[in-house]
Amino acid sequence: MSRLLPAWLAPAPDSVVADNLRLGKWPWIDAVHLFWTVWVFITPMFGGGYTVRWALITLWSYPLFLLLYALTLLSSRRIAPLFALAMIVLSLALLRGYPSGINYFIFGCVMLRTNRAIGTGRYLIEVLLLNVVFVALASWIGYPWQTVAWVPVLAVIIGIIVNVERASSEKDAALRLSHEEVRRLAATAERERIGRDLHDLLGHTLSLITLKMELSRKLFERDPQRSQRELAEAEQIARDALAQVRSAVTGFRAADLAAELASAHLLLESSHVHLRYSPPPPMPAWIEAGLSMILREAATNIARHAQANAAQIAIHSEAGAVWMEVVDDGRGGVAANGNGLAGMRERVLALGGELRIDSPKGQGTRLKVHIPVTATTPSLPLADAAPLPPDAAAAGEVRA
């Protein structure tokens with residue numbers, strides 16, 4: 001639809017419409033306030049009646065007002081207030097013979113702060129000064145004192161309400177951006193840590209293997225036995241490095257449960273779901289990694305599907321097992337394998353545990369995970385490579 005509009009009606013990058021698009025809202029959601037313009041067409045009922053003069057003025061002034069309103073939402077924050085002031089000027093110019101234009105004045109006062117980074121105090125001062133001008137002009141023209149009195153009150157009250165809502169929306173948007181920035185910085189820091197760990201892990205080892213291989217090549221003809229020893233040592237060093245890499249990859253892939261709880265808190269609070277949780281108890285690393293991934297899926301399901309107001313996460317360890325319970329007060333009625341629960345169930349089974357789901361329709365969802373603490377760690381698909389059996393290693397040496 002934006003392609004059908006002329007270029008001068010394209011939303012500026014810092015406009016209200018562009019902000020709505022970035023937040024995933026309908027771009028013209030602010031147009032709902034235009035329902036108040038019904039007073040433009042009701043005002044003649046309270047005096048003067050519907051005349052030809054009123055109809056002619058409405059035919060050109062109302063479309064002009066709508067254009068100014070649209071430009072206020074589409075324009076950059078630097079010039080958007082000018083269109084709000086234009087609404088006020090339009091109203092004051094029509095004040096003598098067109099009482100319906102008072103509605104344009106109120107809209108101009110309300111829209112004056114739209115997309116402007118100013119405090120409430122400064123905004124109120126600006127609105128009060130404009131209303132002083134309105135009161136003086138309306139009194140001079142001879143408007144009834146009732147009209148002169150209620151217009152400033154209405155302009156200030158509506159202006160405060162609308163702009164408090166907009167300030168709250170701006171804070172929510174800033175909070176979402178800060179959450180995204182925190183996640184981005186955390187990911188960057190993690191990549192840097194992995195790079196440092198791999199460098200420290202493999203740098204010395206690869207240098208040592210290179211030296212061993214060079215020495216073996218030089219000794220190949222003069223001292224074959226020592227050359228073979230150097231090759232065997234290089235092979236053992238390589239195998240040790242492979243084991244260390246596998247161990248490091250295990251650590252990289254193991255999520256931290258406390259960090260995952262904090263991430264779930266950010267996700268749910270930004271979705272207006274109040275989350276209560278307590279720090280997790282100590283547990284084996286393989287259980288912590290598995291529960292972290294299950295918790296991530298559960299929190300995502302609540303944010304996307306549950307339509308909940310509150311949630312609670314409880315993790316405790318007792319009798320040789322770890323329990324995690326995730327409860328929300330949402331709409332419930334979750335199918336046994338719906339909303340990603342099939343993948344969650346597979347993770348629990350891979351850990352040798354059990355997943356229980358209680359989700360009566362309209363009564364929220366209760367998800368309970370039970371993982372027994374065993375002496376052995378479940379096999380995890382950490383690397384494609386595996387140590388060669390002795391006969392294969394020997395065959396490799398013969399081929400060499």
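Within segment 24-40, the set of residues being aliphatic (A, V, I, L, M) and surrounded by 13 or more Cβ atoms within 10 Å (Cβ to Cβ) comprises I29, A31, L34, V40. Condition first: in a helix (DSSP H, G or I) and not hydrophobic (A, V, I, L, M, F, W, C). Now tell me which residues in segment 116-147 satisfy that. Result: T120, G121, R122, Y123, E126, N131, S139, Q146, T147. Screening segment 1-21 for residues that are at pLDDT 70 or above and assigned to a helix (DSSP H, G or I) and picking the one that is nearest to R113 (Cα to Cα) gives V16. Set side by side, the residues L68, L85, L74 differ, and just one is under 40 Å from the mean Cα position of the chain (by Cα) and at pLDDT below 90, which is L74.
Cβ separations smaller than 9 Å between residues 6+ apart or across chains give the following pairs from segment 10-33 residues that are without any contact (Cβ under 8 Å) to a residue 40 or more places away in the chain to residues that are aromatic (F, W, Y) and surrounded by fewer than 18 Cβ atoms within 10 Å (Cβ to Cβ): N20/W26; N20/W28. Count of segment 41-63 residues, restricted to those that are surrounded by 14 or more Cβ atoms within 10 Å (Cβ to Cβ) and either free of Cβ contacts under 8 Å to residues at least 24 places away in the same chain or assigned to a helix (DSSP H, G or I) (or both), is 8.
Could you tell me whether V89 is surrounded by 21 or more Cβ atoms within 10 Å (Cβ to Cβ) and either touching a Phe, Trp or Tyr at 6+ places or on another chain (Cβ under 7 Å) or in a helix (DSSP H, G or I) (or both)? Working first, answer last.
Numbers: surrounded by 21 or more Cβ atoms within 10 Å (Cβ to Cβ): no; either touching a Phe, Trp or Tyr at 6+ places or on another chain (Cβ under 7 Å) or in a helix (DSSP H, G or I) (or both): yes.
So V89 does not fit the description; no.
Looking at this structure, is E397 modelled with pLDDT under 90, acidic (D, E) and either surrounded by 11 or more Cβ atoms within 10 Å (Cβ to Cβ) or not in a helix (DSSP H, G or I) (or both)? Criteria met by E397. For segment 344-389, the set of residues classified as small (G, A, S) and either surrounded by 13 or more Cβ atoms within 10 Å (Cβ to Cβ) or modelled with pLDDT under 80 (or both) consists of A350, G352, G353, S359, G364, A375, S379, A383, A385, A386, listed by residue number.
Can you give me the number of residues within segment 293-321 that are of a type outside the set (D, E, K, R), in a helix (DSSP H, G or I), in contact with a helix residue (DSSP H, G or I) (Cβ under 9 Å, 6 or more places away or on another chain) and more than 18 Å from E354 (Cβ to Cβ)? Give the steps one after another, and end with the answer.
From segment 293-321, those of a type outside the set (D, E, K, R) are 293-295, 298-303, 305-317, 319-321; that's our starting set.
Among the residues that remain, those that are also in a helix (DSSP H, G or I) are: 293-295, 298-303, 305-306.
If we keep only those that are in contact with a helix residue (DSSP H, G or I) (Cβ under 9 Å, 6 or more places away or on another chain) too, we end up with 293-295, 298-303.
Next, from what is left, pick out any that are more than 18 Å from E354 (Cβ to Cβ): 299-303.
Selection size over segment 293-321: 5.
So if I check each of A311, A342, which one is more than 14 Å from L275 (Cβ to Cβ) and hydrophobic (A, V, I, L, M, F, W, C)? Matching residue, one of A311, A342: A342.
Residues that are part of a helix (DSSP H, G or I) and modelled with pLDDT under 85 within segment 269-287 comprise E269, S270, A285, W286, listed in sequence order. Scanning segment 104-138 for residues that are touching a Ser or Thr at 6+ places or on another chain (Cβ under 6 Å) and modelled with pLDDT of 90 or more, we see that the one that is farthest from Y62 (Cα to Cα) is F105.
Scanning segment 8-22 for residues that are in contact with a Ser or Thr (Cβ under 8 Å, 6 or more places away or on another chain) and surrounded by 13 or more Cβ atoms within 10 Å (Cβ to Cβ) returns A10, P11, A12, D14, S15, V16.
The values are calculated or read from the model by the stated rules, or taken from the named source; none is laboratory data. Worth saying up front: this structure is predicted, and the values here are computed from it rather than measured. Quick reminder, even Gly has a Cβ in these numbers, built from the backbone with ideal geometry, and neighbours come from all protein chains shown.
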